[in-house]
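Heads up: the structure comes next, in structure tokens.
The values are calculated or read from the model by the stated rules, or taken from the named source; none is laboratory data. The structure displayed is predicted, hence computed values, not measured ones. Because the Cβ atoms are built from the backbone with ideal geometry, glycine has one as well, and the counts that use them run over all protein chains shown. Accessible surface areas use protein heavy atoms only, side chains included; no ligands, DNA or RNA. Shrake-Rupley method; radii C 1.70, N 1.55, O 1.52, S 1.80 Å.
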Amino acid sequence: MMKKLLTLCLALFLLLPACARADLKRGDRGEEVKNLQRMLIEMGFLNDKADGIFGKKTEAGVKALQEYWGVNTTGRIDDDDLIALYSLYFLATGEMADDGLGEDELMEICPPYCGWEGADGQSAVYCFRHQEQYLTSSEFIPESAPDKLKTLMTNRISELWERDIFAMYDEWEESLPEEEQHIAQEQRDIFEAALESYEPGLEKMLWLEAQGVDLCFELHGAESQPLEE
């Protein structure tokens with residue numbers, strides 16, 4: 001699983017603009033600093049405005065980010081920090097979501113369908129179709145994350161699963177003979193009615209994950225065929 005994550009993070013690295021790969025420290029000014037501030041603000045590490053001036057508050061925000069990562073709190077952003085920050089921001093917000101590895105590459109490194117693993121059978125395994133959900137899953141949202149970041153990533157997971165679940169219902173319906181398509185339509189209606197009862201938040205996210213993983217397994221998996229490691 002970690003090999004898959006590293007491969008996907010490498011793809012994110014290749015997407016970063018060349019101008020973003022530069023050291024930033026207190027006293028610096030410019031668009032790079034403004035982009036840094038905007039990301040820190042949106043994820044809850046900085047409570048200030050993005051004015052393009054790397055001052056005391058921005059330095060404190062960078063230190064808060066580094067403390068969250070568990071690295072030395074230098075208050076400076078070097079190349080590696082900036083790559084990690086852009087990757088985290090991508091995972092939390094979905095910016096650059098249309099870029100990255102293609103489906104063929106993902107199919108080679110990811111399971112063919114979603115499912116459950118572990119002694120309790122409660123740990124989700126994500127297929128190549130749902131790697132965005134995997135990279136924004138609670139596995140990468142530790143308790144130390146700022147509330148804004150938790151909210152961003154929780155809402156993003158929910159949005160991704162909701163989108164993909166409806167797409168899977170469409171796929172299911174299209175795969176059935178015309179006289180049986182009402183089965184998928186009825187199940188979609190049940191899902192949609194249940195969806196309306198949930199408010200945004202962790203409970204909704206976990207419910208959508210369960211619905212999405214189970215539906216993906218039913219469509220693309222087989223009980224007699226174990227998931228690939």
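Worth a mention:
- Inspection of the range 179-193 finds a residue satisfying the criterion of being closer than 22 Å to residue 221 by Cβ, among the aliphatic types (A, V, I, L, M) and open to solvent by 60 Å² or more (accessible area, probe 1.4 Å).
- Among the helices (runs of 4 or more DSSP H) confined to the range 141-222, the ones with at least 3 residues that are aliphatic (A, V, I, L, M) and within 19 Å of the chain's Cα centre (by Cα) are located at 147-175, 202-220.
- Once the range 66-107 is narrowed to residues that are aliphatic (A, V, I, L, M), modelled with pLDDT under 80 and open to solvent by 50 Å² or more (accessible area, probe 1.4 Å), the residue that is nearest to residue 146 (Cα to Cα) is 96.
- Among residues of the range 157-178, those that are under 19 Å from residue 128 (Cβ atoms) and open to solvent by less than 30 Å² (accessible area, probe 1.4 Å), counted: 6
- When residues of the range 45-90 are limited to those that are assigned to a loop (DSSP other than H, G, I, E, B) and acidic (Asp, Glu), the one farthest from the chain's Cα centre (by Cα): 51
- Of all residues in the range 109-158, those that are among the hydrophobic types (A, V, I, L, M, F, W, C), at pLDDT below 80 and either out of contact with any Leu (no Cβ under 6 Å at 6 or more places or on another chain) or under 18 Å from residue 217 (Cα atoms) (or both) total 6.
- All conditions but one from (1) modelled with pLDDT under 50; (2) under 11 Å from residue 86 (Cα atoms); (3) open to solvent by less than 80 Å² (accessible area, probe 1.4 Å); (4) of a type outside the set (S, T, N, Q) apply to residue 40; the one that does not is (1).
- Filtered residues of the range 10-30 (kept if surrounded by fewer than 20 Cβ atoms within 10 Å (Cβ to Cβ), modelled with pLDDT of 50 or more and within 16 Å of residue 79 (Cα to Cα)): 22, 23, 25, 26, 28
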